[in-house]
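Everything on this sheet refers to the single structure shown next.
Values quoted throughout were computed directly from the atomic coordinates according to the rules given, and no laboratory measurement underlies them. Quick caveat: nothing in here was measured; it's all calculated off a predicted structure. Reconstructed Cβ throughout: ideal geometry from the backbone, glycine too, with neighbour counts over all protein chains shown.
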Amino acid sequence: MATLYEIETQYGAGVYLKQPTAFVRGQGATLWDTDGIAYIDCTSGHGAANLGHAHPKVAAALSEQASRLITLFETYPNDQRAALMQKMATLVPGLERVFFCNSGTESVEAALKFARLSTGRSEIVAAMRAFHGRTFGALSATFNKRYRQGFEPLLPGFSHTSFNNIEALDRAVTDRTAAVILEAVQGEGGVYPASEEYLQAAQRICQERGALFIVDEVQSGFGRTGKMFAFQHSGVTPDMVCCAKSLAGGVPMGATLIGKRVSHIAPGAHGSTFGGNPLACAAALAALAVIEEEDLATQAAEKGEYFVEKLKAIRSPLLREVRGLGLMIGVELKQKVAPYLKALHDRHILALNAGMTVIRFLPPLVITYEQLDRVAAALQESLLMDLGEE
Ligand SMILES: *Cc1c(COP(=O)(O)O)cnc(C)c1O
């Protein structure tokens with residue numbers, strides 16, 4: 001009989017490098033494979049499972065809403081959507097309007113379109129190492145060749161400037177710039193937090209030159225870094241904030257928060273069939289309530305500090321740097337991480353890479369201290385093991 005791995009490898013489009021282990025159930029930070037073996041999940045679906053897997057409050061909201069109303073185009077108002085709009089208007093003071101969509105890349109597309117519409121300008125300044133998604137607009141803002149190659153020509157008017165470099169940004173933004181788009185913590189690019197001064201300078205430069213300031217919080221949002229949004233560590237107020245991943249507790253949903261400097265958005269300017277559907281809205285309402293009730297942001301801050309301390313205590317000549325914010329953590333090695341991710345997998349721990357030399361830990365924010373201890377111990381063991389073989 002074919003394994004799930006074989007079936008997916010045969011019939012999938014082929015865009016994912018599949019792992020042989022298949023998972024069929026989850027709870028908190030634990031995933032169980034088809035043999036019932038438990039793994040500690042430090043991937044969170046790239047940040048979609050901040051609340052932990054199968055959170056009972058999200059499950060209850062989904063099942064209740066599924067038997068009431070699943071789909072409704074935004075032409076017609078709905079109780080769940082209206083309640084969610086009111087809730088989202090409170091997340092970032094000054095950003096009181098919202099566009100709903102279904103993914104991170106769509107939340108970026110919306111922000112880019114609104115920026116061109118609002119300013120009448122076409123140029124977008126993004127950062128080197130940036131990842132903003134894989135549709136053509138978001139891909140044009142994405143830096144790494146690995147994602148762009150084979151799809152050129154991408155959109156005209158996009159440029160990339162050195163991250164955390166205020167002078168470079170100052171030179172890049174002109175009176176033709178519609179927007180600057182930045183991640184508050186670069187995720188795919190290697191887990192690099194933006195400095196406070198950099199985000200503050202970005203906001204000031206945008207305001208001075210009539211450009212809009214977009215922050216992509218798709219991976220870093222919803223408590224991950226110790227605040228609701230990572231830019232809130234810097235005291236800035238962007239003009240637009242791109243959200244997705246954990247917004248609806250793991251259910252596909254994206255949102256673009258919109259501030260007062262964004263104008264000219266009129267009926268027909270943009271839209272999405274599934275955007276703002278009552279099912280996803282009900283899940284998001286439940287998820288946002290859980291994030292507050294369980295104070296997941298504080299959990300991320302405290303557990304992140306604890307975990308980073310443990311990681312920094314690992315004595316290995318392979319370790320170059322441990323960095324991050326909250327529970328968005330990168331461990332940079334002096335060599336390629338693939339064999340170490342495999343060694344972690346063998347110890348029933350799932351982690352991500354971020355580029356060739358960074359192991360990325362993005363556990364659900366409900367991960368236990370005992371689980372964090374096991375992850376740190378397994379990493380230490382893996383690093384020592386390979387050293388012994390050399
Ligand atoms: C994952 C991610 C995206 C794209 O989200 P999708 O839902 O995969 O389209 C965009 N920006 C950042 C920072 C991300 O981490």
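In terms of the Cα gyration tensor, with a ≥ b ≥ c the square roots of its eigenvalues, is the stretch 283-352 rounded because a/c is under 1.5, prolate because a/b exceeds b/c, or oblate? Prolate is the answer for the stretch 283-352, as a/c is 1.5 or above and a/b outweighs b/c. Stretching the chain fully between Glu167 and Asp79 yields a gain of 26.9 nm (0.36 nm per residue, less the alpha carbon separation). Semi-axis lengths, largest first, of the ellipsoid equivalent to the stretch 92-230 are 19, 18, 17 Å, with √(5λ) applied to each eigenvalue of the Cα gyration tensor.
Toward the positive end of the charge dipole of the stretch 56-293, with +1 on the Cβ of Lys and Arg and -1 on the Cβ of Asp and Glu, the farthest Cα among Val58, Ser195, Phe99 is that of Phe99. DSSP assigns beta bridges within the chain; of those with both partners inside it, close to 65 percent run antiparallel.
The fewest-to-most ranking of Met240, Met253, Met228 by surrounding Cβ atoms within 10 Å reads Met228, Met240, Met253.
With semi-axes defined as the square roots of five times the eigenvalues of the C-alpha gyration tensor, the equivalent ellipsoid of the stretch 1-92 measures 33, 18, 14 Å, largest first.
Straight-line cross-link partners of Lys334 among the lysines, defined as a Cα under 20 Å from its Cα and at least 8 positions apart when in the same chain: Lys310, Lys312, Lys342.
With 29 Å as the limit, the listed pairs Lys87/Lys245; Lys113/Lys303; Lys87/Lys303; Lys18/Lys336; Lys57/Lys227 have Lys113/Lys303 beyond it between alpha carbons. Taking a ≥ b ≥ c as the square roots of the Cα gyration tensor eigenvalues, the stretch 36-161 comes out oblate, since a/c reaches at least 1.5 and a/b does not exceed b/c. Just checking the listed ones, Leu31, Leu95, Leu17: in the Gaussian network model of the chain with Cα springs under 10 Å, the one fluctuating most is Leu17. In a reduced charge model with +1 at each Lys and Arg Cβ and -1 at each Asp and Glu Cβ, the chain shows a dipole moment near 780 debye about its Cα centre. Among Thr75, Thr105, Thr174, the largest mean-square fluctuation in a Gaussian network model of the chain (Cα springs under 10 Å) belongs to Thr75. Here, the stretch 56-293 has an Rg and a Dmax of 17.2, 55 Å when only alpha carbons are counted. Considering only Glu167, Glu370, Glu109, the Gaussian network model of the chain with Cα springs below 10 Å gives its largest mean-square fluctuation to Glu370.
The distance between label points at Ala38 and Ser159 comes to 5.4 nm (points 7 Å beyond Cα on the Cα→Cβ vector).
What FRET efficiency, computed as 1/(1 + (r/R0)^6) with R0 = 45 Å and r the Cβ-Cβ distance, is obtained for Asn144 and Leu384, rounded to the nearest 0.05? For Asn144 and Leu384, the calculated efficiency is 0.90.
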